[in-house]
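FYI, it's all coordinate maths here, none of it is from the lab. Remember, it's a predicted structure, so these values are computed and weren't measured experimentally. Note that each Cβ is placed from the backbone with ideal geometry, even for glycine, and that neighbours are counted across all protein chains shown.
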Number of protein chains: 2
Amino acid sequence: MSSVSKALELLPLFTAARPEIGLSQLCRLAGRDKTTTYRHLQALESTFFVEQNPLTKAYRLGPALMHLASVREITVPRKAAAQAALARLAEQTGETAHVSVLSGETMYSLASCESPRHATRVIIDITVFPLHATASGIAALAFGPDRLFDAALANTQAFTEATPVTEAALRRFAQDARATGFGQSHKSYEDDVQSISAPVFDQTGLFAGAVSVAAVASRFSTQLASRIMTHLIEASRQITRSWGGTIPPHLENAWAQIVPDKAAVETPS
Amino acid sequence: MSSVSKALELLPLFTAARPEIGLSQLCRLAGRDKTTTYRHLQALESTFFVEQNPLTKAYRLGPALMHLASVREITVPRKAAAQAALARLAEQTGETAHVSVLSGETMYSLASCESPRHATRVIIDITVFPLHATASGIAALAFGPDRLFDAALANTQAFTEATPVTEAALRRFAQDARATGFGQSHKSYEDDVQSISAPVFDQTGLFAGAVSVAAVASRFSTQLASRIMTHLIEASRQITRSWGGTIPPHLENAWAQIVPDKAAVETPS
DNA sequence: CAACAGTGGTTCAATATATGAACCGATCGG
DNA sequence: CCGATCGGTTCATATATTGAACCACTGTTG
């Protein structure tokens, strides 16, 4: 692995829950030598990807990210478009809505929105969604490029008892998703979370990402699932439209069978 | 220079005006070998800092930046706080307002806001503000840590005929800024731009950044300068307050002498 | 107070890693 | 069909990265 990659892998260790990290702790988190980590941090600091809290000497993410993110958003204005749909989705379902994008062979978190309705909420604090264990990942397998299957099978960690780990199980999940138009994960990534996901497409006409609702398992019911699906269809159409894509006909057909009235009424403009 | 730094320096080459760059062009822009650049891009792509347009094979900034920027903004929520003040400042002055932050020994662009009032506007498209040639930089020299002077003198490129390049000239500019409470740069970075800048402070009590107004030179006048200064004082107070800092008394005194009525009336809460 | 465990940061020899000239196949325009 | 350009690859060279040991400092604890 290149030293560049190693240095860049330090950055996702900073999270909202752990925004400042000292040198020693960062070494432990990254599992690397102190000198190595220090040199990497120096390089990251010289380019403003991290900065040091002058009081505590701990490192935190730097100002360069703000500027680059704004350029990225101008280049590919997906986040802004998704966020409006997410807010509505969270409001309509009372659960946490989020959007992930496919980059290479990885589903990457783009934005999420929690509903304030309940005191218990699902917090999306991962940046990469495992393909085999999350609803977004299953949607990617079902509607994305075939090569994702190899990527998924290369890493089938069992997060819970319900995590599918065999190729047969994964193919069944993907097949279900293609038939229904929704990726689903029931307690397969975390024991308390059940998620449903719909694919989103961009101007290339290809699978670009997924919009999902992650519900606290104790609140989950067939009624809630049905409501989530109804609103996911709207959200997927909205985001797909704003990303310059269209919903493939076979997907509209699948949706029409699951939620006939809604799908029939709201045809994409 | 470390290869990590070299790879990271590729990222600022992507701008809103040039959002996608092919391998060869990127080599020319970075002034580096093709293999080197290619390997760096591979590392950046594997960590989602860039991605490839699947159609053109050109590279663009990647989705990881969005996530990291949101964590940065949660960690140090400066951008959101500054933007409200910038919008008002742009509105009040009819010119382009921007905020830069000090990270290490560099003034880094955080946010900017153009006024729609005039067809000619100053566009802030640089990410690093030269300490010796910009109003923000002069403010940093005047109100920031002393070590910035060495950093400024280490790189005194003459951007225009008016760029101060000698230590004596720089010290005079900084002295002026301390006396008046404003950093100023009159056509010293670009021939058509005159800027005035006020320092901003954070919870450490130290200089944290600068808020500036960059005016098209042909519109500049003493009346405009006076109006800009009045509104800069408000903006600096507002941003400083939201960043958890306070305006030092000596600065309030300097401002009170320049704009006596305004400074006397609006004392910081 | 003194020993200790923790921190951030530095040194230097060993070597793993980055580098760049040359090359390849594909594509484009004349 | 040619030359120019593109993205990407190969391989010997040599440069930049690495990690054990070390240093100075700080806060804790018996």
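Key figures for this structure:
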read-out	value
Dimensionless Rg ratio for chain B, taking C-alpha atoms and the 2.2 N^0.38 Å reference	1.07
Helix axis angle, A:64-75 relative to chain A longest principal axis, alpha carbon, degrees	30
Computed E for A:L13/A:E105 - FRET, C-beta separation, R0 25 angstrom, nearest 0.05	0.70
Two-site label geometry, B:E91 and A:A84: point separation in nm, points 7 Å out along Cα→Cβ	2.2
Gyration tensor (alpha-carbon) shape descriptor, region A:47-124, a/c threshold 1.5	oblate
For the protein assembly as shown, with +1 on Lys and Arg beta carbons and -1 on Asp and Glu, the positive-most of A:L89, B:H98, B:Q52 along the dipole	B:Q52
C-alpha long axis of helix B:249-258 to longest principal axis of chain B, angle in °	70
Flagged links, alpha-carbon separation over 23 Å, of B:K34/B:K57; A:K34/A:K57; A:K57/B:K6	A:K57/B:K6
Least to most buried among A:M66, B:M107 (fewest other Cβ within 10 Å first)	A:M66, B:M107
Label point distance in nm, B:D146-A:D176, each placed 7 Å from Cα along Cα→Cβ	6.9
Distant-in-sequence amide H partners of B:F201 (H built 1.01 Å from N, under 5 Å)	B:A208, B:T240
Cα gyration tensor shape for region A:3-67, rounded if a/c is under 1.5, else prolate or oblate	rounded
Label distances, nm, A:S3 versus same residue in remaining copies, Cβ-directed 7 Å point	0.8
Neighbour cut-off at most 10 other Cβ (10 Å), DSSP loop, chymotrypsin sites (Phe, Trp or Tyr not before Pro), region B:45-88	none
About the Cα centre, charge dipole magnitude for region A:76-265 (Lys/Arg +1, Asp/Glu -1 at Cβ), debye	420
Positive-end residue, the protein assembly as shown charge dipole about Cα centroid, Cβ charges, pick of B:Q184, A:A169, B:H40	B:H40
Region A:188-224: chymotrypsin sites (Phe, Trp or Tyr not before Pro) in DSSP coil with no more than 16 other Cβ atoms inside 10 Å	none
